[in-house]
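The values are calculated or read from the model by the stated rules, or taken from the named source; none is laboratory data. Every value quoted in this text rests on a predicted model; they were computed, and no experiment measured them. When we count neighbours, we look across all protein chains shown, and the Cβ atoms used for this are built from the backbone with ideal geometry, even at glycine. Calculation scope for accessible area: heavy atoms of the full protein, side chains included, ligands and nucleic acids excluded. Shrake-Rupley method; radii C 1.70, N 1.55, O 1.52, S 1.80 Å.
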Amino acid sequence: MPKHHIVQKEYLKQWYCDDNQLNIYSTEEDKIKRRGAGWPGFSIKDFNILDDVNDKYLPEKFTAYIDAKGIKTIKDINYGKQLNGYERSAIAFYVALQYIRTPKHRSEINSVIDTIIKIGLRDKFSSVDKIIIPDEKQAINEDEKKAIKKINALPKIEAKKQLFEAIQNDGYVIKLTNTGHSKWLFKLNEIAKKLFENQWIFIVPPKKMSMITSDNPCFVYSKNNRSVGLSSLDGVVHFPLRPDLHLVIIPKIKSPIEIYKKEGKNAIKSINQLIVENSYNCFVAKDVNYLKRMIRYFKKCNYKKNRDVKIDKFGKYIKISSEK
């Protein structure tokens, strides 16, 4: 079963201590671990995309190219240095890829898809009489084919009844396949172009402090806690590029010039707390004592692994979004 890395190893190595180990806090285990950048928590089995048996396209080779160009550019950033077009483009692609590759993004997309389809099914098949028995030819995989065959083996009335009850029940989950999620890769160029055009601010922490990171390092923060994407005018993109450098992208402002800003202790603490709140299964700090302070914050903050799906109804119009 193939593995998919959700955070690049070379990126994580920037947080290595002198013994080439990371200080990792596993939120699920409530435990600090000392591990290398190859720790299994940064990769997931059967998470590859476009990995069908007859498909020779390997996503890891594609993402590795973006990773290599991006991390080299990130490591070469010097305080006050303006990026050229190629460098800015490399980081824009890196940010876009990191945002869509993590399980948090995938999980929240699945939750929204699940809600949309269930609402649609329940509206279309609001009674047993409206149920349509599917045909085996409509199956998209073997599992569906077996399920449809089983349904068709029942008396028609019983089959309709069971299908209706299944649609009304929340005991099943609808989500995108790996191939469905792969379509986000085809949107990278469009997403990166928008990021390229926005205002970039490089935030630098004081010498005695550093940025932390997580298994979901790139995220969008919105004060209204509503679902926002990388190009949403209501959000601000955050990404700790290095322990000594944090990138903030502001979509509602267009600018080709990078701003460098040295922030004080309180501002860096607030940003690191946002990184903790937006982590998935773990977060990482270069200083183990600082990691312990972030753990204390994590245990008292309003953390949610995934945002909740929110449904708003305006007459016949239904708005589905995610929010904390």
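Among the residues in segment 215-231, are any open to solvent by less than 20 Å² (accessible area, probe 1.4 Å), charged (D, E, K, R) and touching a Gly at 6+ places or on another chain (Cβ under 7 Å)? So far as segment 215-231 goes, yes, one or more of its residues are open to solvent by less than 20 Å² (accessible area, probe 1.4 Å), charged (D, E, K, R) and touching a Gly at 6+ places or on another chain (Cβ under 7 Å).
Residues that are modelled with pLDDT of 95 or more and out of contact with any Leu (no Cβ under 6 Å at 6 or more places or on another chain): which strands (runs of 3 or more DSSP E) entirely in segment 1-40 hold 2 or more of them? Talk me through it step by step, then tell me what you get.
On the way: elements: 3-5, 22-26, 31-35.
Once the strands (runs of 3 or more DSSP E) in segment 1-40 are filtered for at least 2 residues that are modelled with pLDDT of 95 or more and out of contact with any Leu (no Cβ under 6 Å at 6 or more places or on another chain), what remains is 22-26, 31-35.
Filtering segment 204-214 to residues that are open to solvent by less than 10 Å² (accessible area, probe 1.4 Å) and either acidic (Asp, Glu) or part of a strand (DSSP E or B) (or both) leaves 213, 214.
Is it fair to say residue 319 is under 30 Å from residue 120 (Cα atoms), assigned to a strand (DSSP E or B) and open to solvent by 10 Å² or more (accessible area, probe 1.4 Å)? Let's see the steps before the verdict.
Numbers: under 30 Å from residue 120 (Cα atoms): yes; assigned to a strand (DSSP E or B): yes; open to solvent by 10 Å² or more (accessible area, probe 1.4 Å): yes.
So residue 319 fits the description; yes.
Of the residues that sit in segment 91-106 and are hydrophobic (A, V, I, L, M, F, W, C) and open to solvent by 10 Å² or more (accessible area, probe 1.4 Å), which one is farthest from residue 282 (Cα to Cα)?
Kept after step one, since they are hydrophobic (A, V, I, L, M, F, W, C), are these residues of segment 91-106: 91-93, 95-97, 100.
Remaining after also requiring open to solvent by 10 Å² or more (accessible area, probe 1.4 Å): 93, 100.
Values: 93: 24, 100: 18 Å.
Going through the qualifying residues, I end up with 93.
The set of residues in segment 1-25 that are of a type in the set (S, T, N, Q) and more than 29 Å from residue 185 (Cβ to Cβ) comprises 20, 21, 23. Only residues that are exposed (fewer than 11 other Cβ atoms within 10 Å of the Cβ) and either at pLDDT below 75 or of a type in the set (S, T, N, Q) (or both) were counted in segment 107-141, giving 5.
Of the residues making up segment 142-177, those that are open to solvent by 100 Å² or more (accessible area, probe 1.4 Å), part of a loop (DSSP other than H, G, I, E, B) and not acidic (Asp, Glu) number 2. Checking each residue of segment 309-316 against the condition of being more than 23 Å from the chain's Cα centre (by Cα), open to solvent by less than 40 Å² (accessible area, probe 1.4 Å) and farther than 23 Å from residue 39 by Cα gives at least one match.
Among residues of segment 257-277 that are closer than 21 Å to residue 198 by Cα, those with a Cβ under 9 angstrom from a residue that is in a helix (DSSP H, G or I) and among the basic types (Lys, Arg), sequence gap 6+ or separate chain, pair up as 258/88. All conditions but one from (1) open to solvent by less than 30 Å² (accessible area, probe 1.4 Å); (2) polar (S, T, N, Q); (3) modelled with pLDDT under 90 apply to residue 198; the one that does not is (3).
Checking each residue in segment 232-247 for being under 27 Å from residue 311 (Cα atoms) and either modelled with pLDDT under 75 or among the hydrophobic types (A, V, I, L, M, F, W, C) (or both) picks out 233, 236, 237.
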